[in-house]
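The values are calculated or read from the model by the stated rules, or taken from the named source; none is laboratory data. If you're wondering where the values come from, they're calculated on a predicted model, not measured in any experiment. Reconstructed Cβ throughout: ideal geometry from the backbone, glycine too, with neighbour counts over all protein chains shown. All accessible areas refer to the heavy atoms of the entire protein, side chains included, with ligands and DNA or RNA removed. Shrake-Rupley method; radii C 1.70, N 1.55, O 1.52, S 1.80 Å.
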Amino acid sequence: AQDVTLSLRRFYDAKQRGQRNANTHLHLMNRSRMDAERYLREVPESDGLELVYLSHLRRIPDETKYISNEIVEQHFSDDVLKTLSGKGVILRPGEEHRHNFGRGGEGFGHVMLLDISKLIRPVSIGPGIMRNGTDGIPLQRGIKEARSDEATIVWCHNSYGFEDIPNWVNGNLDAQNIFDGGSRGSYEESFYRYLNLGMHVPFSTGTDWSIEDFSRVYVPLTGVLNSESWLKQLRDGRSFITNGPLLEFTVDGHPIGHTLQLSNSREVRVTARAVGRGNFHALEIVRNGEVINSTVTTTVDGHFEAVWDGSILIDEPSWLAARTPLAGPMNEFARPINAHTSPVYLEIKGRRPFRPAVALDLIREIEESLQKIRVQAVFANDSDLETVMKVYREGIQTLQQRLEEHTN
């Protein structure tokens, strides 16, 4: 036997700086109940997580291996997640409400329902995933039921699924996940397009199946950590996401998620900082989806930092954010490093950005989704078909109204 002591030096303490993190998307499978409970007691805390949403998901026949389902279901009768929560980690219930054409093929998509008071049924919709029933229930029905129970609704996996656009443009979603269990998609596919229509879009993320990445979302929170307060900060858009570098960002001294009212064009002072164990290569400043400034990393006492501090002219309604580049470096889990703040919004005389070309592109995508649904879906009757079609037509109508308002 031999004792070895490893001396660790902390170069950044997010918690001490008032930033509290969560994993909004976690399932466990292929484990015994005893092993799953040990996992939940030990792994999130050792990984530096503070709040974890354990999620329920149905998929026949695979669900027999989903031990997290059993734990979430039991929680509603005896608060088992509170018992399993350790000193440093709070566990709360969630649900992955979803629809697929085929076992895992793209369908209506799926959302995370966070801090639910009960399971929203059906948990999963349609014969593709449940081997029976019809495709006649849109996700929107479950989303609205969960919102009436004061749950927080997060769209999963970037733009994967057909129903994301209609629900975003009609104000049914609270946050957008990306890189939650993989590297699918890009910021441009979802976040940037919605933001360029003047929408409020908080950034979020998680790890999906087990904790096999450092993906997490931070929000500012002082005092005692609890799910209700943390989720409010997320919905308010005060978040940044990361699987490595930690970010700081202000515009004229205002924090992430703030809306800055300008009476005319003028310069604003932007300060941004990123720190990390691995070399994330650069820190970038993004305005309305375009990288307008960047600075490379430097080594500081064994870790990496990048700082940008300067003035930016705002001569049109805008949003600003900070990020690290996606291309290139990997973190300790061999996943591409990513980090991105939610934006600071800059209105000029009360106006936010609105790009007609983006609205037209989203209308086209909704119309394409309708065509795919008509070909792939199985409906019990015309009423089921109409229930689903209505969700998408309302999305198109909202975007057309926005286009008319902008033209006028």
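Say whether the condition of being surrounded by 15 or more Cβ atoms within 10 Å (Cβ to Cβ), among the β-branched types (Val, Ile, Thr) and over 16 Å from the mean Cα position of the chain (by Cα) is met by at least one residue in region 240-248.
Keep residues of region 240-248 that are surrounded by 15 or more Cβ atoms within 10 Å (Cβ to Cβ), which gives 240-248.
Retained after the next criterion (residues that are among the β-branched types (Val, Ile, Thr)): 241-242.
Going one step further and asking which of them are over 16 Å from the mean Cα position of the chain (by Cα), we end up with none.
Within region 240-248, none of the residues are surrounded by 15 or more Cβ atoms within 10 Å (Cβ to Cβ), among the β-branched types (Val, Ile, Thr) and over 16 Å from the mean Cα position of the chain (by Cα).
Residue 284 falls short on exactly one of the conditions (1) open to solvent by 10 Å² or more (accessible area, probe 1.4 Å); (2) over 20 Å from residue 215 (Cα atoms); (3) in a strand (DSSP E or B), and that condition is (2).
In region 126-180, which residue that is of a type in the set (Asp, Glu) and at negative phi is surrounded by the fewest Cβ atoms within 10 Å (Cβ to Cβ)? Write out each step before concluding.
At the first step, the residues of region 126-180 found to be of a type in the set (Asp, Glu) are 135, 145, 149-150, 163-164, 174, 180.
Adding the requirement that they be at negative phi leaves 135, 145, 149, 163-164, 174, 180.
Values: 135: 23, 145: 16, 149: 12, 163: 27, 164: 28, 174: 25, 180: 25.
Among those that are of a type in the set (Asp, Glu) and at negative phi, it is 149.
Quick check: is even one residue across region 351-363 surrounded by fewer than 20 Cβ atoms within 10 Å (Cβ to Cβ), within 14 Å of residue 260 (Cβ to Cβ) and not aliphatic (A, V, I, L, M)? Within region 351-363, one or more residues are surrounded by fewer than 20 Cβ atoms within 10 Å (Cβ to Cβ), within 14 Å of residue 260 (Cβ to Cβ) and not aliphatic (A, V, I, L, M). From 289, 302, grab the single residue that is open to solvent by less than 50 Å² (accessible area, probe 1.4 Å) and in contact (Cβ under 8 Å) with a residue 60 or more places away in the chain. Step by step, each of 289, 302 is checked, and only 289 is open to solvent by less than 50 Å² (accessible area, probe 1.4 Å) and in contact (Cβ under 8 Å) with a residue 60 or more places away in the chain.
Here 52, 80 are screened, and the one residue that is free of Cβ contacts under 8 Å to residues at least 12 places away in the same chain, open to solvent by less than 30 Å² (accessible area, probe 1.4 Å) and not hydroxyl-bearing (Ser, Thr, Tyr) is 80.
Residue by residue, here is whether (1) farther than 18 Å from residue 322 by Cα; (2) at pLDDT 95 or above; (3) touching a Leu at 6+ places or on another chain (Cβ under 6 Å) holds:
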site: 218; (1), (2), (3): no, yes, no
site: 224; (1), (2), (3): yes, no, no
site: 260; (1), (2), (3): no, yes, yes
site: 265; (1), (2), (3): yes, yes, no
site: 270; (1), (2), (3): no, yes, no
site: 301; (1), (2), (3): yes, no, no
site: 306; (1), (2), (3): no, yes, yes
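Looking at 17, 9, can you tell me which residue is touching a residue at least 40 places away in the same chain (Cβ under 8 Å), among the charged types (D, E, K, R) and closer than 18 Å to residue 244 by Cβ? Talk me through it step by step, then tell me what you get.
On the way: 17 fails: touching a residue at least 40 places away in the same chain (Cβ under 8 Å).
Step by step, each of 17, 9 is checked, and only 9 is touching a residue at least 40 places away in the same chain (Cβ under 8 Å), among the charged types (D, E, K, R) and closer than 18 Å to residue 244 by Cβ.
Of 341, 407, 398, all but one fail to be polar (S, T, N, Q), at pLDDT 95 or above and over 30 Å from residue 277 (Cα atoms); the exception is 398. Only one entry in 323, 351, 355 is in contact with a His (Cβ under 7 Å, 6 or more places away or on another chain) and on the phi < 0 side of the Ramachandran plot, namely 323. Look at (1) touching a residue at least 24 places away in the same chain (Cβ under 8 Å); (2) buried (at least 20 other Cβ atoms within 10 Å of the Cβ) and you find that residue 86 fails only one, number (2). Right, residue 16: within 22 Å of residue 341 (Cβ to Cβ) and surrounded by fewer than 17 Cβ atoms within 10 Å (Cβ to Cβ) or not? Criteria met by residue 16. Within region 315-347, the set of residues being among the aliphatic types (A, V, I, L, M) and either over 16 Å from residue 195 (Cα atoms) or open to solvent by 10 Å² or more (accessible area, probe 1.4 Å) (or both) comprises 326, 327, 330, 334, 337, 339. Scanning region 86-103 for residues that are more than 13 Å from residue 130 (Cβ to Cβ) and either more than 17 Å from the chain's Cα centre (by Cα) or assigned to a loop (DSSP other than H, G, I, E, B) (or both) yields 86, 87, 88, 89, 90, 91. Within region 181-188, can one find any residue that is part of a loop (DSSP other than H, G, I, E, B), within 30 Å of residue 89 (Cβ to Cβ), at pLDDT 95 or above and open to solvent by 30 Å² or more (accessible area, probe 1.4 Å)? Within region 181-188, not a single residue is part of a loop (DSSP other than H, G, I, E, B), within 30 Å of residue 89 (Cβ to Cβ), at pLDDT 95 or above and open to solvent by 30 Å² or more (accessible area, probe 1.4 Å). Scan region 366-408 for residues that are farther than 17 Å from residue 136 by Cα, open to solvent by less than 50 Å² (accessible area, probe 1.4 Å) and not aliphatic (A, V, I, L, M) and the total you get is 2.
If you take the residues in region 47-65 that are charged (D, E, K, R) and under 25 Å from residue 332 (Cα atoms), which one is modelled with the lowest pLDDT? That would be 47.
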